[in-house]
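Worksheet: the structure to be examined is printed underneath.
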Amino acid sequence: MSAMKLTGYADQFGVNPGKKIKFYVNCDGPSEYKVEIMHMVNGDTNPRGPGLLENLVNADCNSTYKGRKQVIHSGSYGFVNDNKHLQLESFTLQCWIWPTTPKTHPKYWRHGAQGLMTKWSDNKGYGLFINEDGFVELRINGEKISTGAPIRDHAWHFVAATYDAETGEAKLYHEPQIQYALDPDIPSVSKKISNGISHTANVPFCVASYTKAIDSNPLAQSSVPAGIIMAGHYNGKIDNPRLCDRALNRQEIETMKLGAQPGLTERRHSGPTGPLSNCIVGSWDFSSGINTIVGHDKGPYLYDLQIVNCPTRAMTGHNFSGQNFDWKHAPTEYGAIHFHDDDVDDARWGVDFEWSVPEGQNSAFYAAKLTTSDGDEDYIPFWVVPEIGKETAKIAVMVPTISYMAYANEHLANNAGGAELLVYRVPIMQDQNMFLSEHREYGGSIYDTHTDGSGLCLSSRLRPILSIRPKYDHFLMQAPWQYPADLHLICWLETMGYEYDVITDEDVSYDGLARLENYNVIITGSHPEHNTGTQLDALHNYTQQGGRLMYMGADAWYWVHSYHPSYENLGRGVITEMRRCESGIRTWRADPGEYYHQGSGELGGMWRYRGRYLHSVAGTGMSSEGFDISSYYSRTYESNDDRVAWAFDGIEYDEKIGNFGFVGGGAAGTELDIVDTMLGSPPHTLVVATSAGRHTEAYLLVMEDFGFNQQGLDGTQHPRVRSDIAFHETPNGGACFAFSSIAYCGSLPWNNCDNNISKLTGNVLDRFMQDGPLPPPPADAYKHRGRADYEPPMNKSSK
Amino acid sequence: MISIPKKGSLERERLIAEHKACIKSMIGVPGCTILRCDTPGDTTNVSGGIHEDIVLNRVLLRMRAAMPANGKGKLVVICTEVDKSWRIGRLAGVRGVPPEFVNDTIYDNEQDPQHDIFVMRLDEMDEEDGYPEHFNEGWKRRNDNWTVT
């Protein structure tokens with residue numbers, strides 16, 4: 001149904017002047033397409049605003065290119081290249097499995113048999129499968145043996161299959177770990193299969209898939225191994241797979257569950273017993289190398305599996321005891337990998353064009369604009385970032401690229417029935433949503449669940465990310481969100497004539513304070529929700545040494561993120577990981593024991609529950625969210641304090657501040673932050689304006705702020721459902737100004753930037769960008785202040 | 001559970017009229033809710049709608065909470081040309097299967113289809129739901145819980 005024929009991505013988010021950036025394009029149909037590098041200024045096409053603003057850049061790659069289709073081979077699996085040890089005459093296959101979609105809807109995008117352990121293709125070879133009826137199945141060439149018993153989803157099962165070439169006997173075992181009272185027994189099944197096993201050269205041994213074809217078509221080159229197309233991607237966990245070169249009896253299979261035992265003292269062999277050690281072909285231990293993309297083989301041949309498309313690791317295994325919840329402390333209980341048919345780590349497309357970014361190219365938002373003569377169009381955004389030491393401005397905009405990755409290609413409008421209780425209206429799907437709804441191979445966002453319903457906790461930037469696009473209204477707000485919403489800020493900076501650099505979350509995460517310290521002021525995006533620890537460290541260090549931070553949005557500094565170390569060879573920040581743990585706004589919830597990141601090993605979830613309160617970074621933190629319409633602010637008496645009154649020069653005390661805008665129709669909306677000195681806001685923080693009392697029933701208090709459900713949590717009732725614009729000083733002449741609403745930036749360009757939100761923001765930026773420390777506060781501002789302790793109005797009135 | 005007002009009832013007509021008035025006032029707002037803007041297209045002051053009509057409020061909640069795969073499938077708005085045209089579609093309820101258009105009506109603003117979907121849902125939804133006589137096995141398998149993802 002979708003008309004999108006052009007999609008693409010770049011090898012980098014941020015590129016330095018003087019360096020090259022590569023672009024990868026899928027042009028599905030048109031014979032050619034045109035490339036124009038654009039300096040992006042505004043991406044919102046709302047007819048009440050300035051419209052799309054982009055400036056053509058004189059780039060050496062601007063040209064017309066021959067179109068070619070490129071596809072993503074999504075779905076995770078592990079494989080070992082074909083070799084003589086895998087070309088077995090007899091065998092035993094065994095593993096534990098926890099399937100999540102053993103039987104799929106006939107219209108499901110990858111309906112059909114799923115491979116568990118296979119060296120099978122086109123009716124040749126051997127393999128253990130779940131067939132399309134949801135039964136465990138052994139395949140030997142074209143012969144199929146099934147238990148005839150539907151396998152229970154979301155439950156552990158031990159499965160095994162043997163084949164003895166001499167006798168021709170094949171045997172299949174399916175043994176659920178839990179048998180409920182009324183579960184029928186599942187006896188093993190046997191069948192005579194003569195003629196032995198036929199092998200196809202170069203068909204790899206696979207875990208969680210099987211080989212569909214060895215294909216010379218160029219589209220197969222982006223598969224791994226190149227030219228080998230996988231199919232039958234399995235959804236679910238696999239634990240302790242073993243492959244032996246003879247048919248073991250049931251007792252031997254039981255012993256082989258122990259696998260290779262390289263840790264035994266005085267050992268003389270690799271197996272659990274001497275005789276069994278002689279027949280091990282592979283004994284894989286997924287509890288080893290959890291932070292890698294290797295499935296380690298502890299057997300004698302070291303046939304490590306290459307893991308493709310980054311499945312989820314650090315997953316509890318069949319033997320999880322519930323005593324340790326950090327995989328690093330009990331690795332043997334984390335021997336499972338959860339594979340998904342929509343995992344994607346890298347589209348692996350061929351390069352279509354490159355841009356050699358000239359020295360001296362302005363640091364800004366850019367995009368490669370792709371068009372065809374038929375009206376097809378796509379944009380590939382990227383940022384030109386100056387090298388450290390070569391900053392070109394006093395102002396830096398910190399582009400929230402981790403948050404962009406977290407929201408990358410979200411499917412909520414489709415999967416979640418529109419999440420209508422959240423957005424409080426019927427969602428509107430854009431062309432990008434329609435394309436993604438039928439192209440699951442493009443992967444989802446960290447807000448989605450996988451196609452099997454499990455939480456999606458890893459997101460790659462090496463794929464087309466259709467949500468990071470101009471002209472894209474997000475279903476959550478029926479307005480720009482993230483990338484196009486941040487362009488509202490860029491539009492304002494450009495219109496007002498400010499000179500600025502752009503830096504990304506990646507840059508700050510990898511370079512720390514060095515990336516920030518040469519700027520007088522750092523400006524955030526509208527929704528920098530997802531952050532690494534090193535990024536937060538850098539921001540704290542920056543403001544403590546006198547840096548100024550303008551926090552332009554809300555719901556920031558919320559989730560723990562880390563970049564997966566195994567993709568560093570492809571560039572910085574290729575895959576980001578987060579886990580949704582016991583609190584916070586969670587579109588899915590991690591299972592018990594699965595809170596620690598597979599890449600960094602750190603505890604995931606909210607920074608708040610790592611003891612790092614979000615309110616401590618810029619003064620305010622998330623209080624509530626709602627996605628129907630936005631509202632506006634009124635000044636408080638604290639705005640008249642000499643410490644901050646300068647921010648309101650030109651704004652009357654009784655003015656409605658921000659009762660206009662391109663996100664919800666007001667500056668206070670979508671997600672809202674407040675001051676809370678018990679949650680990290682410095683005690684001297686001033687609340688200068690608030691939207692208290694003006695939000696709709698759609699706005700609800702965040703769940704981490706209450707312990708049990710009760711009525712009265714919405715915007716028409718609860719006092720914490722509000723946005724506070726706040727200011728506080730930091731040491732050495734630094735300061736933070738928190739605007740505390742995602743919708744805020746959407747009001748900046750209103751009326752050609754002539755409005756009171758623009759005025760307030762300009763007053764703050766003009767002061768914050770000045771050289772040297774900010775003027776000190778009045779002497780009487782220095783005083784002791786409590787966190788919870790203050791003098792309530794009732795006390796004052798009774799004096 | 002709140003029931004869907006019967007066809008031809010005065011209550012139903014009242015809900016439709018109030019919903020329509022809210023939607024008409026939202027034209028021009030980059031967002032939408034079922035409230036009346038005092039000044040059309042301006043959210044500075046809003047009233048009526050879900051904040052003052054408890055039946056409308058509850059009926060809308062029941063509609064919003066419906067699972068995508070239940071009934072005929074959930075209705076959505078599909079933008080067919082940015083800032084120019086919109087149509088109504090229906091979710092497949094199966095991952096990897098895109099929504100399909102339900103009719104040929106093309107809207108020139110993004111708010112009007114909200115109202116038509118409301119009326120279509122009034123027609124399509126069971127008048128009563130959620131009582132013991134409506135029990136099915138899905139209640140035990142999470143089909144009774146509105147989805148987030």
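All of the numbers you see were taken from the coordinates with simple rules; none came from a lab. Remember, it's a predicted structure, so these values are computed and weren't measured experimentally. No Cβ is skipped: glycine too gets one built from the backbone with ideal geometry, and neighbour counts run over all protein chains shown.
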Work out, step by step, the length gained on full extension between B:ASP83 and B:ALA69: first 0.36 nm times the residue separation, then minus their alpha carbon distance; give nm to one decimal. 2.1 nm
Compute for region A:121-183: radius of gyration divided by Kirkwood radius, i.e. Rg/Rh, restricted to C-alpha atoms, rounded to two decimals. 1.01
Evaluated over region A:462-516, the Cα radius of gyration and Dmax, each in Å: 14.0, 38
Quotient of C-alpha Rg and 2.2 N^0.38 Å, computed over region A:664-799: 1.22
With the convex hull built on the Cα atoms of region A:74-162, state its orientation-averaged projected area in nm². 6.3 nm²
Report the Cα centroid-to-centroid distance between region B:1-65 and region A:71-110 in angstrom, as an integer. 51 Å
In whole angstrom, note down how far apart the Cα centers of region A:233-248 and region A:297-376 are. 23 Å
Between Rg and the Kirkwood Rh of region A:77-339, both from Cα atoms, what is the Rg to Rh ratio? 0.94
Restricted to Cα positions, what overall size does region A:573-669 have along the principal axes? Three whole-Å values, descending. 54, 32, 26
For A:LYS298, give me every one of the aspartates and glutamates with a C-alpha distance below 13 angstrom, ignoring sequence neighbours fewer than eight places off in its own chain. A:ASP285
Counting only Cβ distances under 4.7 Å between cysteines, those in chain A with no partner are A:CYS27, A:CYS61, A:CYS95, A:CYS206, A:CYS310, A:CYS457, A:CYS491, A:CYS581, A:CYS736, A:CYS745, A:CYS753
FRET efficiency estimate (nearest 0.05) - Cβ-Cβ, B:THR39 to A:HIS154, R0 51 angstrom: 0.45
Could you tally the net charge around A:VAL294, taking each other residue with its Cβ under 15 Å from the Cβ of A:VAL294, Lys/Arg +1 and Asp/Glu -1? -3
Just to be sure I understand: of the beta bridges DSSP finds with both ends in the protein assembly as shown, what percent are antiparallel, rounded to 5? 85 percent
Taking 2.2 N^0.38 Å as the expected size of a compact globular protein, what ratio does the Cα radius of gyration of the protein assembly as shown give against it, to two decimals? 0.98
Calculated FRET efficiency for the pair B:GLU100/A:ASN83, C-beta based, R₀ 51 Å, to 0.05: 0.60
Based on the Kirkwood radius over alpha-carbon pairs, what is the Stokes-Einstein translational diffusion coefficient of region A:739-799 at 37 °C with 0.692 mPa s viscosity, in µm²/s? 210 µm²/s
Using every Cα-Cα pair within region B:10-127, state what percent have a distance larger than 19 Å. 50 percent
With just the Cα atoms of region A:497-613, tell me how far they stretch along each of the three principal axes, in Å, largest first. 49, 33, 26
What FRET efficiency do you get for B:MET1 and A:ILE229 if R0 is 60 Å and r is their Cβ-Cβ distance, rounded to the nearest 0.05? 0.75
Any chance you could run the full-extension gain for A:ASP780 through A:LYS69? It's 0.36 nm times the residue separation minus the Cα-Cα distance, nm to one decimal. 249.2 nm
Starting from the 7 Å offset along Cα-to-Cβ, what nm value, one decimal, do you get for the label separation of B:TYR131 and A:LEU258? 6.3 nm
Excluding B:GLY48 itself, what net charge comes from residues whose Cβ is under 10 Å from its Cβ, given Lys and Arg +1 and Asp and Glu -1? -3
Partners for A:LYS471 among aspartates and glutamates (Cα-Cα distance below 13 Å; same-chain residues under 8 apart left out): A:ASP44, A:GLU54, A:GLU377, A:ASP378, A:ASP431, A:ASP486, B:GLU81, B:ASP83
What distance in nm lies between label points placed 7 Å from Cα along the C-beta direction at A:TYR301 and A:LEU603? 4.4 nm
Approximate spin-label separation A:PHE708-A:THR392, in nm, with each point projected 7 Å along Cα-to-Cβ: 5.9 nm
222 nm [θ] for chain A, helices only, -39500 (n - 2.57) per DSSP H run of 4+, per residue, to 500? -3000 deg cm²/dmol
